[in-house]
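The structure appears right after this line, and notes come after that.
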Amino acid sequence: MRDLSTPGSGEPGGAVSPGTRTPATPDHAAGLAVRDLHDGDLAVLAALNDAAVPAVNALGPAGLAAHVPTCAAALVVHDAGAPGGPPLGFLLALAPGADYASENYRWFAEHAPGSLYVDRIVVAPHAHGRGAGRALYAAAEQHARRLGLSALTCEVNLDPPNPASSAFHARLGFRRIGVLDTKGGAVRVELLSRAVALGG
């Protein structure tokens, strides 16, 4: 699944605007902010995504544009001081009940219902180490909380291996809840979950 962290798969064609709006939320320590993905981001993000293969599957601009409308959260991280600057990374996540054919998403729907599934998170190599992945996950957790979902879930490749992503997710408190062979046995993933604290 991911670049520094990266889940899933995607399909073609469609508009770009997930339902819940995310205000730009700065992380002043890192000089980063997170906002909703816009149509104008697609070309840059598709190139970022496809450069991260095999940690994620290739989508291209059309595939990314088709996939975004199925997502409950489609988020971009950028430099807080340059809101119009190029995105440093992005995260796509799906809520329960989405029309999505991913084997990993179906596994979580059966074994971890009530979770927000992070299909992919990709951060540009030059932005690694700045807290971009953490900022995206913090924003995804806010979405999960607003939706009343009790966990964030995702998968990371074991074969082909992605040890940097496994270590990153472990540092963020994700724990393994399963292992799955996908794509006819060509890929093995570890299935991860992290609890979301819901307000009383």
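The values are calculated or read from the model by the stated rules, or taken from the named source; none is laboratory data. In this text the structure is predicted, and so the values were computed from the model without any measurement. Here the Cβ positions follow ideal geometry from the backbone for every residue, glycine too, while neighbour counts run over all protein chains shown. Areas reflect the complete protein model, heavy atoms only, side chains present, ligands, DNA and RNA absent. Shrake-Rupley method; radii C 1.70, N 1.55, O 1.52, S 1.80 Å.
Scoring 44-56, 96-108 by mean Cβ neighbours within 10 Å over their residues and listing the highest first yields 44-56, 96-108. Between Glu110 and His126, the distance separating the two model label sites (each 7 Å from Cα on the Cα→Cβ line) works out to 4.4 nm.
Only beta bridges with both residues in region 100-195 are counted; by DSSP, about 85 percent of them are antiparallel.
In this simple spin-label approximation, Arg188 and Ala82 carry label points 7 Å from Cα along the Cα→Cβ vector, and these lie 4.2 nm apart.
Spatial offset of region 160-194 relative to region 48-119 amounts to 16 Å, using the alpha carbon center of each.
Once divided by 2.2 N^0.38 Å, the Cα radius of gyration of region 80-160 becomes 1.20. Under 5 Å from the amide H of Asp119 lie the amide H atoms of Leu92, Ala93, Leu94, each residue being 5 or more positions distant or on a separate chain, with H modelled from the backbone and absent for Pro and chain starts. Packing, taken as the mean count of other beta carbons within 10 Å per residue, orders the peptides 188-198, 62-72, 147-157, 169-179 from highest to lowest as 147-157, 62-72, 188-198, 169-179. When Asp119, Asp159 are compared by accessible area at a 1.4 angstrom probe, the order from most to least is Asp159, Asp119. The local environment of Ala93, defined by Cβ-Cβ distances under 11 Å, has a net charge of -1 under the rule Lys, Arg +1 and Asp, Glu -1.
From the P(r) of region 105-200, can you give the percent of Cα pairs sitting at distances over 21 Å? Tail of P(r) above 21 Å: 33 percent of Cα pairs. For Leu32, the residues 5 or more places off, or on other chains, whose built amide H falls under 5 Å of its own are Asp27, Ala80.
Note on region 149-200: with neighbouring protein chains present and a 1.4 Å probe, carbon and sulfur make up 55 percent of its accessible heavy-atom surface.
Between Arg146 and Asp181, the modelled labels are 4.1 nm apart [label points 7 Å from Cα along Cα→Cβ].
An ellipsoid equivalent to region 48-90, defined through the eigenvalues of its Cα gyration tensor, has semi-axes of 21, 14, 9 Å when rounded to whole angstrom and sorted largest first.
The H on the amide N of Thr182, modeled in the peptide plane, is under 5 Å from the matching H of Val187, Arg188, Val189, each at least 5 residues off or on a different chain. Working note: Cα gyration tensor of region 23-127, eigenvalues times five, square-rooted, sorted largest first, giving semi-axes of 24, 16, 12 Å.
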